[in-house]
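The values are calculated or read from the model by the stated rules, or taken from the named source; none is laboratory data. Note that the structure is a prediction, hence the values are computed from the model and not measured. We work out accessible area using only protein heavy atoms, side chains counted, and drop any ligands, DNA or RNA first. Shrake-Rupley method; radii C 1.70, N 1.55, O 1.52, S 1.80 Å.
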Amino acid sequence: MIAPQKFFLLSLLLVTLTTACQPSANAPDEKQTPVTPVSTVAQPVTPEITTIAFDETTHAFGEVAKGDKAVHRFTFKNTGTAPLIIENVKPSCQCTVSEYTHEPVPPGSSGFVETSMEAKNVGIFKKSATVTVNTDPRNHILEFSGEVVE
């Protein structure tokens, strides 16, 4: 003989399983259309790929007097069909400061990347800045060199 508590639990389990296997009263038939969840996470917008042409990618300052500031402006042209966007300019060291065109450059238009360095230590220097843009390849290296003299 089954104890009343076990009988109650078995009955409850049987009713739960039977109800779970029944089609929903709201469903017109047994087939249900799967629901695809909608993502609420914003997807990053990838800019179109374009092309770039620098007037030069290396610059030699020659001799720079100690204490002076060596500054050079590299210019480029957007030779593609989409706006050119400079995403980042990363100098090779902390002593190199870069300024650049921040707004998108329309096709056929020009922009710049300016590099500067305080000439603090006597000797030969060679520095660079990596420019990341919406081109293929994405990174372009600009180099400048010279010699700091007394």
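Numbers at a glance
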quantity	calculated
Solvent exposure of the range 57-150 as accessible area per residue, Å², 1.4 Å probe	55
Accessible surface of the range 38-150 [probe 1.4 Å, protein heavy atoms]: carbon and sulfur percent	51
Computed Kirkwood radius, in angstrom, where 1/r is averaged over Cα pairs of the range 64-117	12.4
Gap separating the Cα centres of the range 86-109 and the range 119-150, nearest whole Å	13
Members of 90/127; 66/90; 77/120 lying beyond 22 Å, as alpha-carbon distances in this model show	66/90; 77/120
